[in-house]
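What follows is one structure encoded as structure tokens, with my remarks underneath.
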Amino acid sequence: MAYRVDRPTPPECPVSDRNVRRVLQLAGYRRLLLAYTLNELAFQITALTLSFIVYRRTGSAFGATAFYLCEQFLPALVVPFVVARLDQRAPRRVLPVLYALESALFLALAWLASHFALAPILILAALDGVIAQTARVISRAAAVSLTSPAGLLREGNALANSMFSICFMVGPAVGGAIVAADGASAALLVNTGVFLVMALTLAFARGLPGAVAKRAPNAGRVRAALAHAKERPAIRSLLSLQAVALLFFTISIPVEVIYAQHSLHAGAGGYGALLSAWGVGAVAGSTAYMRWRTLPTRVLVTIGATLPGVGFIVMAIAPALAIGVIGAAFAGAGNGIEVVSVRTAIQEGVEEQWMALMISFNDSIAEFVPGIGILVGGTLAALASPRVALATGGVGALVIAAAIWFILAPHAQRAQRPQAPERASREAAARGRSEPSTAPPM
């Protein structure tokens, strides 16, 4: 990880709002943050709008499932290969093209919303998933290139995580309001305009990272990146633990509506209260990460994994809606801490040449594994009960939290880890010294 001049290692660095303001002063970062935020907001609006269209027109849960598979599951398998062909190019050139393609794609989807045809919608949803996830990875890698040399990586990630949590909470409400007022086509046309603005904003942005001076051949880069991850015990452990953790975290997704209806007898209003509590908890978790961001990774990830475990168990034993809402808020708070903590740890431990690909692996896990978790949760709810499914997710999350604490312990004991030569020499030069810097303890 890179540091700013005279910055102590993160565990010693005091939390300072001044550091957060410094991130926003970095040339190019504000536009990247705006593009990232709008991308996430548009993604939430799209998910609600298209799933609504598909389910209303098909009247089948299989149609909605097919949409999910095309929008998230399948792109997760493809995105690393797309990133491998784009991440060595200048983000200022790549991102505007991707966002312009998104704008054109949503224009086509808006037309299809009025002239429904399932197959074309699913194909365009898959393309949207690939482009959106690729743009997210490229923008995150570009943000790391801007914040890391200034020693503001965690501050930058904290800001981005806060914006993501807000979009996660308000995006479906915005999409639902537009669909209710003017129809699905209007919501998709809004996205058309949003992505066009994003493309123009970044096309003329200054201060964004340039292209890689010496590009590696595209062929075999994904395989080489996987081999690199396997050779780095900390990265390998983080990715593996995150995959298992997400499996248990996402068991609740198909269960909550049944839980609200049949376990708590709270109806649609109760289900809405659970979702709102989760969103509020996610924002609270993001705020907590903003305050605690200088803690060691091992502590942050363990806290983030423990809170969903506690929340799911509270929901499983809740006798009334009010207690279930408290549990959902705990789970949301953990979500607001754990995901960004793992992402930051990966970014801190990876050399710049592998940054975008490692981010794409982590993001692909985040898109792929929930499909399995949803299947497990739905099966448990059908064969046993929603409470059993939630209890399974809770116990699994707590076991993973304990595993994170112990498995990451050897890496945490390496308080001073040498950086990659290229990165270390660049950062030492920025500090006006010749000696390499060291990474913080995990």
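Just so it is clear, none of the values below were taken in a lab; they were calculated from the coordinates. Predicted model only: the values in this text are computed from it and were never measured. Here Cβ is always computed from backbone atoms with ideal geometry, including for glycine, and neighbour counts include all displayed protein chains.
Of note:
- Each Lys and Arg Cβ is given +1 and each Asp and Glu Cβ -1; about its Cα centre, the chain then shows a dipole of about 1180 debye.
- Positive-end residue of Val130, Asn19, Ala158, charge dipole of the chain with Cβ unit charges: Asn19
- Taking θ as phi - 60° and the Karplus parameters 6.51, -1.76 and 1.60, the scalar couplings of the stretch 268-280 work out to 5, x, x, 5, x, 5, 5, 5, 5, 4, 4, x, 4 Hz in sequence order, x denoting glycine and proline.
- Residue-averaged 222 nm ellipticity for the chain, from DSSP H runs of 4+ at -39500 (n - 2.57), nearest 500: -26000 deg cm²/dmol
- In loop segments of the stretch 133-209 as defined by DSSP, the trypsin sites (Lys or Arg not before Pro) with at most 13 further C-beta atoms inside 10 Å of their C-beta are Arg206.
- For the chain, radius of gyration divided by Kirkwood radius, i.e. Rg to Rh on alpha-carbons: 0.96
- Using the alpha carbons alone, the radius of gyration of the stretch 220-435 stands to its Kirkwood radius in an Rg to Rh ratio of 1.05.
- Where only alpha carbons of the stretch 43-138 are counted, the Rg and the Dmax (Å): 13.9, 44
- Calculated FRET efficiency for the pair Asp182/Val257, C-beta based, R₀ 25 Å, to 0.05: 0.40
- Under 14 Å, Cβ to Cβ, from Arg215 - net charge with Lys/Arg +1 and Asp/Glu -1: +3
- With a simple spin-label model that places each label point 7 Å from the Cα along the Cα-to-Cβ direction, the separation between Ala224 and Thr379 comes to 3.9 nm.
- FRET efficiency for Leu118 and Arg30, using Cβ-Cβ distance with R0 set to 30 Å, rounded to 0.05: 0.15
- For the stretch 125-140, 3J(HN,Hα) per residue [Karplus equation, 6.51 cos²θ - 1.76 cosθ + 1.60, θ = phi - 60°, Hz, x = Gly/Pro]: 5, 5, 4, 4, x, 5, 5, 5, 5, 5, 4, 4, 5, 4, 5, 5
- Theoretical gain in end-to-end length, Ala203 to Trp292 [0.36 nm per residue, Cα-Cα removed]: 28.5 nm
- For the stretch 220-435, the residue among Gly377, Leu246, Ala288 whose Cα projects farthest onto the positive side of the dipole built from Cβ charges is Ala288.
- Furthest towards positive pole of dipole, Leu390, Thr58, Gly332, structure part the chain, Cβ charges: Gly332
- Per-pair calculated FRET efficiency, R0 = 25 Å: Ile326 and Ile372 via Cβ, rounded to 0.05: 0.35
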